[in-house]
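The values are calculated or read from the model by the stated rules, or taken from the named source; none is laboratory data. These numbers were taken from a predicted model, which means no experiment stands behind them. Cβ: placed from backbone, ideal geometry, glycine included. Neighbour counts: every protein chain shown. Just the protein is used for accessible areas: all its heavy atoms, side chains included, with ligands, DNA and RNA removed. Shrake-Rupley method; radii C 1.70, N 1.55, O 1.52, S 1.80 Å.
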Amino acid sequence: MTVATGGPHVLITPNLAELLPQLRERYPQCRFTSVPEDEPVRAEYLDAEVILRSAMNEDTFDELLSKCDGLRWVQITAAGFDWVGGDIMRRRLDEGLVYTRSGNSYNVPIAEYVIGAVLLHQRAFPDLREAQERREWVRIVGRDLIGSTMLVFGTGGIGREVAWRARALGVTVIGVNRAGTPAEGFDRVVSFADHLALLPEADSVVLAMPLTRENRYFFDAERFAAMKETGILVNVGRGALVVEDALVDAMRQGRIAGAVLDVFEEEPLPPEHRLWGQPRTTVTPHTSFRGSGNLQRLYADFCANFDLYLAGEPLTGTKRQPELGY
């Protein structure tokens, strides 16, 4: 990759505008512009080479893709690629646009969320809360986290952050990925084809994998039936990994002990959705990735790639398996 001299023009979304002073100080030869939401695209944006995108109106993004002829690279501030881009994006990618993601920015808060979710249920906080609401002095025996087994679907950045934290608390952590490729931080890793046999031994099951054509709705009634009755499910991946009706049935019939869900097939989750009222089910509004250190992690991720861009080197965070969409 060759970059024109004089420093590229970089557009960033308004929710990242706090980074402008740092970016301008670190890269004084470059121009950084925050693109306001819901305003017409200005002529001054059209010489942009780079877009650092978080929250942005889709029409505005499509217009920039159409009109910024010199656009060469888009980095999104997310772990997955499935939420951005339509026909115009696909055309620009065919023309050579580079598309990357922030590979590490949200790993820490999501991993902390997962550990908190597992502890919440192992130590019976939902039941204790219900007893509090009834004003009953009920002593419930929690289950030890130490000595338990966790099955983590997805051994990328999020999965690895979950794994070392859980192991530090005495948990045996088994990872699941497509081919059973070993990954740092796990006690062992198995292939996706072998996961069904492991569900009966898992005290907690964590979904931290990208959504692909291969795994949509894979966690169905058969998987819930294979889990321990004392097992819990934590989903921080994508809502469509799970058959939601099967989850509701599993919870109502007591086939699993609990679920903590941060992602859903339809978001926001409609007020009438059955998941809101399920016992021992915690629903959070796709917020596991939010953390006080996110902005600086996003800055570090972008700068690492921007340094490569300025040096004409290949960027990190591109799709590892383009045929599968991640």
What about residue 263, is it farther than 26 Å from residue 10 by Cβ, in a loop (DSSP other than H, G, I, E, B), open to solvent by less than 30 Å² (accessible area, probe 1.4 Å) and at pLDDT 95 or above? yes
Run residue 69 past the list (1) without any contact (Cβ under 8 Å) to a residue 60 or more places away in the chain; (2) under 21 Å from residue 298 (Cβ atoms); (3) of a type outside the set (Gly, Ala, Ser) and report the number of the one that doesn't hold. (2)
Quickly run through region 149-179 and pick out the residues that are surrounded by 17 or more Cβ atoms within 10 Å (Cβ to Cβ) and among the small types (Gly, Ala, Ser). 154, 156, 157, 159, 163, 166, 175
Is it true that some residue in region 279-297 is touching a residue at least 24 places away in the same chain (Cβ under 8 Å), open to solvent by 60 Å² or more (accessible area, probe 1.4 Å), assigned to a loop (DSSP other than H, G, I, E, B) and within 25 Å of residue 222 (Cα to Cα)? yes
Of the residues 112, 136, 161, only one is assigned to a loop (DSSP other than H, G, I, E, B) and modelled with pLDDT of 95 or more; which? 136
For region 91-148, give me the residue count where each residue is surrounded by 14 or more Cβ atoms within 10 Å (Cβ to Cβ), of a type in the set (Val, Ile, Thr) and touching an Asp or Glu at 6+ places or on another chain (Cβ under 8 Å). 2
